[in-house]
Amino acid sequence: MSHPKFQELAAPGVRGLVPYQPGKPIEELEREYGVSHAIKLASNENPLGPSPLALVAAHEALASLARYPDGGGFALRDELAKRLGVERDAITLGNGSNDVLELVARAFVTPEDEVVFSQYAFAVYPLVTQAIGAQAVVTPARDFGHDLAAMAASVTPRTRLVFIANPNNPTGTWLTSSALEDFVGKMPAHVIVVIDEAYFEYVAEPHYPNTLSWLSRYPNLVVARTFSKAYGLAGLRVGFAVSHPALANLLNRVRQPFNVNSIALAAAVAALGDEDHLAKARALNQEGMAILTRGVTVLGLDYIPSVGNFVAVDVGRVATPLYEALLYQGVIVRPLGNYGMPNHLRVTIGLPEENARFLSALARVLHMGAAP
Ligand SMILES: *Cc1c(COP(=O)(O)O)cnc(C)c1O
């Protein structure tokens, strides 16, 4: 029997998909490059790790591993609802917020529809759009950020979904409350607007929006957040959407019944209760951001001002050789060629010693030219 031609058997959208490229794991770097004590500033992880309370809760949850998790995620949704001031039925849990982004697309988008997002926006938006076989409508960025006027102008009767990351990854750019609400208010009723706030807890800007307060006015709005970034639980995979309960009900229909595991559920509840840890993470990030941006400026480099826990540095030339050279120094950052930003490296704010090590390694590889 001949082999089936899987490429032709695959759904049309899947044929052209290029999988999401994660940051290189530390272990892989150490193995491949023969370096030790590598540091990873490539995936916007919290360098402090999770709250100790979350770790205790995760340990305790191990005792019940033979049981299925609570498929409704009652305790976590209840805790989120109380803290966010929304109804429990407004919350949909996801296996990371990537999961909820995909749930929205699966619930609302067909191959006949269009999905609008910005140039340089988070890589998952094109992925979920293409997996469905829907048409991606990519609007040109302005100063590396979302051009809301261009996005609004690109909405057609076939538009079903708009993705907005605020702040955006990998650029760190952000939208003010007035600009974003003006945009949301302009959206026709057939368009679902997802506002992806993965870095919400890090943002200290006074004009950053409180989008949850808009939900009662705009029933087509979905706000996505995660425990992967400021809460330091990226490895457990837990995120959530807040929306009108009727919209959440539709997301719930395409959600796998046990999409969030029991350890993640327990750790997330405990993480919410540790506001000191969150404050510490925020303060560390602010200090680190100041040191890193000052450091790259001293090296003569530009960067895109960021309100996240990362910054995109313009190295003034194609960045991959520098990325490679940094790997030989045991420093993992993220080149942004696959985002169409070949001259930028995205660097996650780390611990003070990690930031210092990145800056000295960068100074060294800039001096050496491209070669390791
Ligand atoms: C990291 C990130 C996510 C969240 O990913 P998880 O699936 O929750 O780990 C979502 N959106 C953006 C823009 C991100 O940078």
Checklist entry - What FRET efficiency do you get for Ala189 and Val35 if R0 is 51 Å and r is their Cβ-Cβ distance, rounded to the nearest 0.05? => result 0.40
Checklist outcome for this item: Excluding ligands, DNA and RNA, the carbon-plus-sulfur percentage of the accessible area of the chain with a 1.4 Å probe reads 56 percent
Checklist outcome for this item: Relative contact order in percent for segment 52-274 (Cα pairs under 8 Å, 6+ apart) equals 31 percent
Item to check | Within a Gaussian network of the chain (alpha carbon springs, distance under 10 Å), most fluctuating of Pro188, Pro22, Pro209 | outcome: Pro22
Next on the checklist: Ignoring solvent entirely, what values of log10 I(q)/I(0) come out of the Debye formula for segment 11-87 at 0.18, 0.23 Å⁻¹ when each Cα is a single scatterer?
Outcome noted: -1.02, -1.05
Checklist entry - What percent antiparallel are the DSSP beta bridges of segment 52-274, to the nearest 5? => result 35 percent
Item to check | segment 86-171 - accessible surface per residue (Å², probe 1.4 Å) | outcome: 36 Å²
Checklist entry - Looking at this model, which pairs from Lys24/Lys229; Lys82/Lys229; Lys24/Lys82 are more than 26 angstrom apart at the alpha-carbon? => result Lys24/Lys82
Checklist outcome for this item: For Phe258, Phe144, the accessible-area ranking with a 1.4 Å probe, largest leading, is Phe258, Phe144
Next on the checklist: Give me the dipole magnitude in Debye, nearest 20, for the chain about the Cα centre, with unit charges on the beta carbon: positive for Lys and Arg, negative for Asp and Glu.
Outcome noted: 420 debye
Checklist entry - Mind checking the alpha-carbon convex hull of segment 1-157 and giving the volume per residue in Å³? => result 263 Å³
Next on the checklist: If you average the alpha carbon positions of segment 224-240 and of segment 281-351, how far apart do those two centres end up, in angstrom?
Outcome noted: 22 Å
Checklist entry - Could you give P(r) for the chain, binned at 20 Å from zero, as whole percent values over all Cα-Cα pairs? => result 28, 58, 14, 0
Checklist outcome for this item: The local net charge around His190, scoring Lys/Arg +1 and Asp/Glu -1 for residues other than His190 whose Cβ lies under 10 Å from its Cβ, equals +1
Item to check | Residue among Ala11, Ala281, Ala312 with the largest mean-square fluctuation in a Gaussian network model of the chain, springs linking Cα atoms under 10 Å | outcome: Ala11
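About the Cα centre of segment 52-274, what is the dipole size in debye to 20, counting +1 per Lys and Arg Cβ and -1 per Asp and Glu Cβ, all else neutral?
Value, rounded to 20: 360 debye.
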Checklist outcome for this item: If each part is reduced to its alpha-carbon centroid, segment 197-223 and segment 97-170 end up apart, in Å, by 18 Å
Checklist entry - With Cβ to Cβ distances under 15 Å as the rule, what net charge do the other residues near Val254 carry (K, R +1; D, E -1)? => result +2
Checklist entry - At a probe radius of 1.4 Å, what is the per-residue accessible area of Lys280, in Å² to the nearest 10? => result 130 Å²
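The values are calculated or read from the model by the stated rules, or taken from the named source; none is laboratory data. The model shown is predicted, which means the values in this text are computed figures rather than measured ones. With ideal geometry, Cβ positions are generated from the backbone for all residues, glycine too; neighbour counts draw on all protein chains shown. Just so you know, the surface numbers come from the protein's heavy atoms only, side chains and all, with ligands and any DNA or RNA stripped out. Shrake-Rupley method; radii C 1.70, N 1.55, O 1.52, S 1.80 Å.
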